[in-house]
Amino acid sequence: MATTTKALFRGAATTTTTTTLYTVPTTNTLTIVTNIVVTNTASSAATFTITLDGTDLFTTTAIAANSVAMFDMKQVLAANATPKTIKGGASATTVNFHIAGVEVA
């Protein structure tokens, strides 16, 4: 089995609604989310939401102005007939996500 460490998503959040940030690539792939970093580059507070395969991990969670929040974890997303996804959104486009993990295929 090949193991690939990678950035699963890196970029600005969309506002108003959550969007798909990452989808497990194939039915023969297992993805392990190892950490999530959320930054807010604005001079005012914001909120963010992240779900892993439909389960809320953070729901309208506050992040202070000009700050960083880091979360270490080991969450497994196994591909099957229904694609597993990571979704996210925020109250402002100044919120950025960096989601790292490992794909095992």
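The values are calculated or read from the model by the stated rules, or taken from the named source; none is laboratory data. Quick caveat, the model's predicted, so the values are computed rather than measured. Here the Cβ is made from the backbone with ideal geometry for all residues, glycine too, and neighbour counts use every protein chain on show. In case anyone asks, the SASA skips ligands and DNA or RNA and just uses the protein heavy atoms, side chains included. Shrake-Rupley method; radii C 1.70, N 1.55, O 1.52, S 1.80 Å.
Collect the residues in the stretch 1-22 that are assigned to a strand (DSSP E or B) and open to solvent by 60 Å² or more (accessible area, probe 1.4 Å), keeping them in residue-number order. Even if it seems obvious, please write down each step before you answer.
Keep residues of the stretch 1-22 that are assigned to a strand (DSSP E or B), which gives 3-12, 15, 19-22.
Across the stretch 1-22, the qualifying residues are THR3, THR4, THR5, LYS6, ARG10, THR20.
THR27: farther than 22 Å from VAL102 by Cα, open to solvent by 70 Å² or more (accessible area, probe 1.4 Å), over 13 Å from the mean Cα position of the chain (by Cα) and modelled with pLDDT under 95, yes or no? Reasoning before the result, please.
Details: farther than 22 Å from VAL102 by Cα: no; open to solvent by 70 Å² or more (accessible area, probe 1.4 Å): yes; over 13 Å from the mean Cα position of the chain (by Cα): yes; modelled with pLDDT under 95: yes.
The answer is no for THR27.
Within the option set THR82, THR59, being surrounded by fewer than 15 Cβ atoms within 10 Å (Cβ to Cβ) and assigned to a strand (DSSP E or B) holds for one residue only, THR59.
For the stretch 62-79, enumerate the residues that are among the hydroxyl-bearing types (Ser, Thr, Tyr) and in a loop (DSSP other than H, G, I, E, B). Before the answer, list the steps.
Looking only at the stretch 62-79, we keep the residues that are among the hydroxyl-bearing types (Ser, Thr, Tyr), and these are 67.
Of everything in the stretch 62-79, nothing turns out to be among the hydroxyl-bearing types (Ser, Thr, Tyr) and in a loop (DSSP other than H, G, I, E, B).
Take ALA90 and decide whether it is open to solvent by less than 40 Å² (accessible area, probe 1.4 Å), without any contact (Cβ under 8 Å) to a residue 60 or more places away in the chain and aliphatic (A, V, I, L, M). It is false that ALA90 is open to solvent by less than 40 Å² (accessible area, probe 1.4 Å), without any contact (Cβ under 8 Å) to a residue 60 or more places away in the chain and aliphatic (A, V, I, L, M).
Would you mind stating whether PHE71 is of a type in the set (Phe, Trp, Tyr), more than 22 Å from THR5 (Cβ to Cβ), modelled with pLDDT of 95 or more and open to solvent by less than 70 Å² (accessible area, probe 1.4 Å)?
Working: of a type in the set (Phe, Trp, Tyr): yes; more than 22 Å from THR5 (Cβ to Cβ): no; modelled with pLDDT of 95 or more: yes; open to solvent by less than 70 Å² (accessible area, probe 1.4 Å): yes.
No: the conditions fail for PHE71.
Step by step: first the residues of the stretch 41-56, then only those that are among the small types (Gly, Ala, Ser) and surrounded by fewer than 18 Cβ atoms within 10 Å (Cβ to Cβ), then the one that is modelled with the lowest pLDDT. Which residue is that? The selected residue is GLY54. Cβ-Cβ distances below 6 Å connect the following pairs, each with a first residue in the stretch 1-24 that is within 15 Å of ASP53 (Cβ to Cβ), a second residue that is open to solvent by 60 Å² or more (accessible area, probe 1.4 Å), and a separation of six or more residues or different chains: THR18/LYS87; THR20/LYS87; THR23/PRO83.
Evaluate the stretch 4-13: report whether one residue or more is at pLDDT 95 or above, of a type in the set (A, V, I, L, M, F, W, C) and farther than 12 Å from HIS98 by Cα. No, the stretch 4-13 has no match at all.
I'm trying to understand the selection: among the residues of the stretch 23-56, which are among the hydrophobic types (A, V, I, L, M, F, W, C) and either part of a strand (DSSP E or B) or out of contact with any Ser or Thr (no Cβ under 7 Å at 6 or more places or on another chain) (or both)?
Once the filter is applied, which keeps residues that are among the hydrophobic types (A, V, I, L, M, F, W, C) and either part of a strand (DSSP E or B) or out of contact with any Ser or Thr (no Cβ under 7 Å at 6 or more places or on another chain) (or both), the stretch 23-56 yields LEU30, ILE32, VAL33, ILE36, VAL37, VAL38, ALA45, ALA46, PHE48, ILE50, LEU52.
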